[in-house]
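Asker: Structure provided below as C-alpha cells; questions to follow.
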Amino acid sequence: MRDDGIETSTISGIPLRPLYTSQDLPGRAEEYPGQFPYTRGIHPSGYRGRLWTMRQFSGFATAEETNRRYKYLLANGQTGLSVAFDMPTLMGQDSDAPTSRGEVGHCGVAIDSLADMEALFDGIPLGEITTSMTINSPAAILLCMYIAVAEKQGVQASSLGGTLQNDILKEFIAQKEFIFPPAPSMRLVVDSIEYCAAEVPKWNTISISGYHIREAGSTAAQELAFTLADGMAYVDACLERGMHIDDFASRLSFFFDAHIDFFEEIAKFRAARRIWARWMRERYGAQQERSWKLRFHTQTAGVSLTAQQPELNIARTAIEALAAVLGGTQSLHTNAMDEVFALPTDKAARLALRTQQLLAYETGVANTIDPLGGSYFIEALTDEMERQAEAYFKRIDEIGGVIPAIEVGFFQREIADAAFRYQQELEQKRRLVVGVNEFTVDDEPPIDILRIDPRLESEQSERVRQVRRKRDQAECSNALNGLRKAAAGTDNLMPYILDAVRAYATEGEIMHAMIEVFGTYTETAVV
Amino acid sequence: MRALARAITLVERRDPSVRDLEAALRTQARAPGVAGFTGAPGTGKSTLVDAVVALLRQKQRSVAVLATDPNSPFTGGAILGDRIRMQRHALDTKVFIRSMGARGHLGGLSLATREAIRLLGAFGFDEVILETVGVGQSELEVAAVADTTVVVLTPNLGDSVQMIKAGILEIADVFVVNKADIDGHLRVIAELRAMLNLAPRQGWKAPIIATVATRQDGVEQLWEAVLAHRRHLETTGRAKELAEKRLRDETAEVAAELARQRARQALEEDPRLAERLLEDGTPYRTAEEILKRSANR
Amino acid sequence: MPTAVRPVRIIVAKVGLDGHDRGVKVVARALRDAGYEVIYTGLRQTPEMVVDAALQEDAQVVGLSIHSGAHMTLFPAVVDELKRRKATDIVVFGGGIIPDDDIAALKKRGVAEIFTPGTPLQEIVDWLRKRFPDEKTPKR
C-alpha cells in the first residue's frame, strides 16, 4: 500500500514491486515479433504492414435506422461493421413475445426474420466489407440469415468475411445469455465451425470471449485463463467431431477486454498469445504456423466507464485503447462516453472512432513493433499472467473440464468473489475511481442520450406478424419440421437452419423448434 | 396465499399468536406427506426437488417446498437461492415455495418447520418437501420432522465417504445417486450397497435410485420409493409411533422454549436472582428456583 | 415477546432479458453481510414472478436490477402487479443503468428509490435501515 493508503497491487490484486530490473528476467532468450510463441505479436511487421481494424459495435432500434448508422460509419472511415442486437434477438425470441416487452430495439437492433436482415444490409455490398455479429445462443440462425442475404445480393458464401461471436461457454460462465443446456449448445457451435470450414472458409466462426468474463467482475488473470480454457474446450469438441486441428484452428479468434490498469492489460494480451501458441503446437500438435497464432479483437472496458462526470470516459477509453494497441490487437472497439447510460449518440460514437484514429495517425505508437518488448516490468508481468493462468487450467482440469466446472459454479464463484473484493476496496477507498468515490462534483449537468421511441416495439411486432402472414406457410413448416427431426439426430444442423431462414421462419420459431428437442438450461445459483 | 405466507412468518418469529392460529386451524388440519431432501452443495438437490415437484403436479398433487439455507453466524444475514431452480413452477398456484434461513436457534428450525407443515396442511397442500443443505445440523433436525428422508449423492464430488463420516447415512430412508449420466455412478452405487448390507434398519432397507434430474430420468422411480417407504411406515405401525414421538419431542421443545423465555424474563426483572447467580457462579440453584416459581404461577 | 427476531427479508431479482448479474450479486452479498435475509430469484424474472416470490416469501422489500434499458416498462409493471395483488406495503427499489430523468419518473410511479452504478453499498444499507428502523437484525 502507498503512503496515502492506495493499493499498489494491480486492479486484479497482483502485488507489484516498486522497481523491476534485469534480475526479474534471468536467462531470457531473445524473442522476435511474428515468431513462435508470438509474445511480441503475430505479425513480423507489427502495425507497419497493416493497422488494426477499427470496428465500432453498433446497432439500435430498427434494421432501417441501423442501416443508416452503418452507412454513416462507413462514410466516416470505419473499416468493418459490427452488429449489436437487441435483447430479444440475443435471447432467441421474437419482438412480439410477451417477455420482449420494454426490450425491443433498446440494446441493439431488432432482428426477427430474414426480412429484417435484408433491411439491415440494404445497399451494403457484403462481398466488400467484413461484419462482426455479437450473438451466441442463436448465432447459427443469424449467420444463416447473413448467408441468405448474401445469396440475394448474388454474393457467394465462400467470399464472405467476418466474425460470429458464437461463444456459448462464456455465456454460462459470465454473460448468462444461454438458452439450451451445455451439450446441445456445444453441438451447435461445432456444427457452425464444421459447416463454415467447408462452405464459408473466410469466416471466423467463433470469437472466444474474455470481455464478458471481465465485465462480470473477474480479474485479468481469470479473464485470460477462463477464455483460453474455453478455447481449448472448443478445440477438444471439434477434434471429437473428427475435424483436423489445422482445418479449423486458424478460424478461431479471441475477444478481450482492455481495462484501465494499463500495464496489466498489455501483459495479459502478450501472455494470451504465448500460452495459446504453446498449447496449439505442443498439446494439440498443430502443424501449420497459422494455427498457433492467437488473433484477437479488443473492446475498451464498459465497466470502467462512469455515469459521474461522463466526459472522463473519453480519457479512460483512450488509455485503454492504447493498452490494446501496445498489446498487439487485430481490431478494436472504443466505447463512447455515454455508453454507460444508453446506446451512443452520433456525436459520441464519432468521438470514440476519432480516438482510435488519433492513436493510429497522431501519436506514432504504431510505428515501432512491440515497443514495450524487453521492458523488465512488462516481461515479468507477462510471466506472472502466464503462471496464474496455468494454475487455473490445473484447477479446471481437476474439476473435470470446463463444462463440469460451469455446472458446479466454479467460474461463477471465482468471478463473484473477485467482483465483491474489488467493490470492498472501493468502499474502503483503497482504490479510487475519479468522480465516483473521490474528486466528485455535486451538480452534474445532464448529458444528451439516445432515446428509443416506445412506438418502435409495436411497429416491430406488427412487422414480424406480417412476415408470418405473408410467407409460404407449407414451405416454412416443412423446414421447421426438418430442423426438429435433424435436431433429434446427429446431422449438422446448419443446412436445416438455412432452409428455415430462407422460408422466412422467424428467429423465435427456429429457436423454439430446437428447444422442443434440446430443452432449456437453468444455472446453479452462485451468489 | 399471503395469509399463509404471513402465518409462516409468525411461526418463524416464534410469535405467541401462532398458538391461537394453530388452535383455530387444528380442526381442519390434514397431515400432508412430508419428504425431506438433503445432500451436499453441488449434488443437484434443488434440480431434483424441482423435478419431483413437476412429477407431483402431473399427478395433480399440490406441493409446498420449504428450502432451508444456513444464515451467517456473524451477521444473521443469508442469501437464499433455492427458488432459482424452481422457476418453471413460479406462477402455478398449486406450488408454494418458501426459503427459510436456518438461523441456528436451538431446536428452532424443527419447531418452526413442524408448525409450518401444519399450516401448509391446513391450507390444503398435499405434499410438503423439505430441502436442506447436508453440511451441518439442519438436515438432522429436518430428518426428525420428515416421514421419509432422501439423501442425495453424486458420483463426482467424492462426497460418499464424507457422508458416512457425517453420519448422514443413518438418517436416509431413500438414497439418490443423481447425475447418473457421468462416470463413476456405478461405483458409488456399489459402495453404498456394500455399506447398507452392513446396516439394515427397522425392517426397511433403503433403496438406491439413480437419477438424472435435469432430464427427469429416474424421478418417477424415486417418488415410488418414497411412497413405498410411506406404506412401510403405515403397515408396520411405525407411522403412528413416529407421530407420537414427534408430538412428545415437540412438546418438550415447546416447554423448553417457554422455560427459556421465562428464565430470561425472571433474570431481567428480578435483580435479586441475578445477584445470587453471580454469587453462586453456577446456574443450577437459580435455574431450579425459576422453574419452581413459574410452576407456582 | 418473540424469542427470535426475524431479519428483514428482501427479494432480489433480475428483471428483463439481460444477464448482467455482477451488480446484483455484489448488492446481495452486501445485504447479507448487513444482516438481511436475501432471497435471490435469479435471472429473467417477469414482474408476475417477482411479485409471486415476494408474497410467498413474505418479503418486506423487493430489489430489482436491470441493465437492458427496459426499466421504464418493467419497474412500473412490478409496482402495478403489487397493487393488483393488494400488497402495496412491499417496498420496491431498483438499480442499474438508469438516467436521471427516468429516476424521477420511476419514483412518481411508485418505486421508492433507485441506486445507480457507483453508489456505495453502505448507502443502500443505510437507506434500508432508515426505512425499517424497528426491525432488528439478530445478534447471537
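Rule-based calculations on the coordinates, nothing more; no lab input. All of these numbers come straight from a predicted model, not from anything done at the bench. Using ideal geometry, Cβ is built from the backbone for each residue, glycine included, and neighbour counts are taken over all protein chains shown.
Asker: When the helices in chain A are scored as -39500 (n - 2.57) per DSSP H run of 4 or longer and the sum is shared across all residues, what 222 nm value do you end up with, to the nearest 500 deg cm²/dmol?
Answerer: It comes out at -14500 deg cm²/dmol, rounded to the nearest 500.
Asker: Taking the highest mean first, how do the peptides C:57-64, C:99-106, B:74-81 order by number of other beta carbon atoms within 10 angstrom per residue?
Answerer: Per-residue mean Cβ counts within 10 Å order the peptides as C:57-64, B:74-81, C:99-106.
Asker: Where the centre of each part is set by its Cα atoms, how far does region A:120-193 sit from region C:66-140, in angstrom?
Answerer: With region A:120-193 and region C:66-140 each reduced to a Cα centre, they are spaced 38 Å.
Asker: Another question about this same structure. Kindly put C:His67, A:His106 in sequence by how many other C-beta atoms sit within 10 Å of each C-beta, fewest to most.
Answerer: Working: C:His67 22, A:His106 27.
Ranked by crowding around the Cβ, least crowded first: C:His67, A:His106.
Asker: With the cut-off at 27 Å, tell me which of the pairs C:Lys86/C:Lys107; A:Lys176/A:Lys394; A:Lys485/B:Lys59; A:Lys176/C:Lys108; A:Lys71/A:Lys268 have Cα atoms farther apart than that.
Answerer: Cα-Cα > 27 Å for A:Lys485/B:Lys59; A:Lys176/C:Lys108; A:Lys71/A:Lys268; rest within.
Asker: Taking beta carbons within 10 Å but only from partner chains, what does the mean come to for residues A:295-308?
Answerer: 1
Asker: Right, next: Sorting A:Tyr284, A:Tyr70, A:Tyr361 on the 10 Å Cβ count, fewest up front, what's the list?
Answerer: In order of increasing Cβ crowding within 10 Å: A:Tyr361, A:Tyr284, A:Tyr70.
Asker: Round to the nearest 10 and give me the degree value, 0 to 90, for the angle of helix A:220-240's Cα axis relative to the longest principal axis of chain A.
Answerer: Approximately 40 degrees, to the nearest ten.
Asker: All other residues with a Cβ under 14 Å from the Cβ of C:Leu74 taken together, and with Lys, Arg as +1 and Asp, Glu as -1, what is their net charge?
Answerer: On the way: positive: A:Arg101, C:Lys14, C:Arg44, C:Arg109; negative: A:Glu103, A:Glu457, C:Asp18, C:Glu48, C:Asp80, C:Glu81, C:Asp102.
Counting the neighbours of C:Leu74, the net charge comes to -3.
Asker: For C:Lys25, list the aspartates and glutamates whose Cα falls under 13 Å from its own Cα; do not include residues on the same chain fewer than 8 positions away.
Answerer: Here the aspartates and glutamates satisfying the reach criterion relative to C:Lys25 are A:Glu414, A:Asp417, C:Asp33.
Asker: Using only DSSP helix segments of four residues or longer, with each worth -39500 (n - 2.57), what per-residue ellipticity at 222 nm results for chain C after dividing by its residue count and rounding to 500?
Answerer: -12000 deg cm²/dmol
Asker: A follow-up question, please. With a cut-off of 8 Å between alpha carbons and a minimum separation of six or more residues, what is the relative contact order of region C:24-83 in percent?
Answerer: For region C:24-83, the relative contact order is 34 percent.
Asker: Still on this structure, please answer the following. At a Cα cut-off below 15 Å, give the aspartates and glutamates reachable from A:Lys470, other chains included and same-chain residues fewer than 8 away excluded.
Answerer: A:Asp112, A:Asp116, A:Glu462
Asker: Evaluate peptide A:98-107: per residue, the Cβ atoms of other protein chains within 10 Å of its Cβ; return the mean as an integer.
Answerer: Across A:98-107, the average partner-chain Cβ count within 10 Å equals 6.
Asker: Still on this structure, please answer the following. Return the FRET efficiency for the residue pair B:Thr236, A:Lys394: r is the Cβ-Cβ distance, R0 is 56 Å, and the value is rounded to the nearest 0.05.
Answerer: For B:Thr236 and A:Lys394, the calculated efficiency is 0.60.
Asker: Sort the following peptides by mean Cβ neighbour count (other Cβ atoms within 10 Å, averaged over residues), highest first: B:87-95, B:115-123, A:375-383.
Answerer: Highest mean packing first, the order is B:115-123, A:375-383, B:87-95.
Asker: Going by alpha carbons, how many degrees (0 to 90, nearest 10) lie between the helix axis of C:121-131 and the longest principal axis of chain C?
Answerer: 70
Asker: Let me ask something additional. Just from its helices, what would the mean residue ellipticity at 222 nm be for chain B, if runs of 4 or more DSSP H residues each count -39500 (n - 2.57) and the sum is divided by every residue, rounded to the nearest 500 deg cm²/dmol?
Answerer: Taken over chain B, the calculation gives -16000 deg cm²/dmol.
Asker: Peptide C:9-18: average number of partner chain Cβ atoms within 10 Å per residue?
Answerer: Mean partner-chain Cβ count within 10 Å for C:9-18: 5.
Asker: Right, something else. Could you grab the relative contact order for chain A? Cα pairs under 8 Å, six or more apart, rounded to a whole percent.
Answerer: After rounding, I find 20 percent.
Asker: Report the one residue of B:Ala252, A:Leu432, A:Ala500 whose Cα lies farthest in the direction of the positive end of the charge dipole of the protein assembly as shown (charges on C-beta: Lys and Arg +1, Asp and Glu -1; origin at the Cα centre).
Answerer: B:Ala252
Asker: Oh, and also: Report, to the nearest 10°, how far helix A:63-75 tilts away from the longest principal axis of the Cα atoms in chain A, using its own Cα long axis and a range of 0 to 90°.
Answerer: Result, in degrees: 50.
Asker: Checking the cross-link filter: which lysines have an alpha carbon closer than 22 Å to that of B:Lys240, excluding same-chain neighbours under 8 positions apart?
Answerer: B:Lys205
Asker: Right, here's the next one. Which of A:Met494, C:Met49 comes first, and how do the rest follow, when ranked by fewest Cβ neighbours within 10 Å?
Answerer: Values: A:Met494 24, C:Met49 20.
Ranked by crowding around the Cβ, least crowded first: C:Met49, A:Met494.
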